[in-house]
1. Failed condition for PHE125, given (1) closer than 17 Å to THR52 by Cβ; (2) at pLDDT below 95, with all others met?
2. Given GLN27, GLN79, GLN117, GLN32, which one is in contact with a Pro (Cβ under 6 Å, 6 or more places away or on another chain) and polar (S, T, N, Q)?
3. Cβ-Cβ under 6 Å, sequence separation 6+ or interchain: first residue in the stretch 124-136 and closer than 17 Å to ASN85 by Cβ, partner outside any helix (DSSP H, G or I). Which pairs?
4. Just need a number here: residues in the stretch 37-57 that are farther than 14 Å from GLY71 by Cα and aliphatic (A, V, I, L, M).
5. Scan the stretch 84-118 residue by residue and report those that are among the polar types (S, T, N, Q) and more than 22 Å from LYS61 (Cα to Cα).
6. Pick from SER36, SER55: which is modelled with pLDDT under 95 and either at positive phi or of a type outside the set (D, E, K, R) (or both)?
7. I'm checking my understanding of the structure. Among residues of the stretch 39-89 that are more than 25 Å from ASP131 (Cβ to Cβ) and in contact with a Cys (Cβ under 9 Å, 6 or more places away or on another chain), which one is surrounded by the most Cβ atoms within 10 Å (Cβ to Cβ)?
Amino acid sequence: MKKETKNNEVFCYPDTLLNKFIPQAWQIQIMQIFISSYKKKISFYTGENHKTYKSMGLFKKKLNEEKKLGGFVFFSYLQFCYDKNKNENLIKKSIDKNFTIYLAREKMIINKKNYLQKKKDLIFFKESNKDLIKVIINSFS
């Protein structure tokens, strides 16, 4: 594995909507195990709240203020799908700022080198997971 020159710390976003099914502590543990194989560690974590989970407002804020991180780890790409727009633009914005996105549930890493390839993988994600997304949102309401 090629050694990265960027910071080895990532900001962690457990899925608030999944807390009912997978406790936050377990989500964080799964994310830590996933990123540790890439020699990354969690510097801090937060989750979206009842008002921001669709727009990913807390992530947007962090994306605009943090410069020293090597990236962001999310429990799942599902978190980008709770809004009708699927927040794909946030991944592109992250990549444009040279951050790497780690998606633990999907065991996927998105960075500048593979963005176009991974974008194709994510195009149908929301459609193929629409029933799961509906169950998660309904259980959260």
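1. Every listed condition holds for PHE125 apart from (1).
2. Selected residue: GLN27, the only one of GLN27, GLN79, GLN117, GLN32 that is in contact with a Pro (Cβ under 6 Å, 6 or more places away or on another chain) and polar (S, T, N, Q).
3. Matching pairs, first to second residue: LYS126/CYS81; LYS126/LYS86; ILE133/CYS81.
4. Adding up the residues that qualify gives 1.
5. Going through the stretch 84-118, the residues among the polar types (S, T, N, Q) turn out to be 85, 87, 89, 94, 98, 100, 111, 114, 117.
Once the filter is applied, which keeps residues that are among the polar types (S, T, N, Q) and more than 22 Å from LYS61 (Cα to Cα), the stretch 84-118 yields ASN114, GLN117.
6. Numbers: SER36 fails: modelled with pLDDT under 95.
Going through SER36, SER55 in turn, the sole match is SER55.
7. Of everything passing the filter in the stretch 39-89, VAL73 is surrounded by the most Cβ atoms within 10 Å (Cβ to Cβ).
The values are calculated or read from the model by the stated rules, or taken from the named source; none is laboratory data. Every value quoted in this text rests on a predicted model; they were computed, and no experiment measured them. Cβ atoms come from the backbone with ideal geometry, glycine included; neighbour counts cover every protein chain shown.
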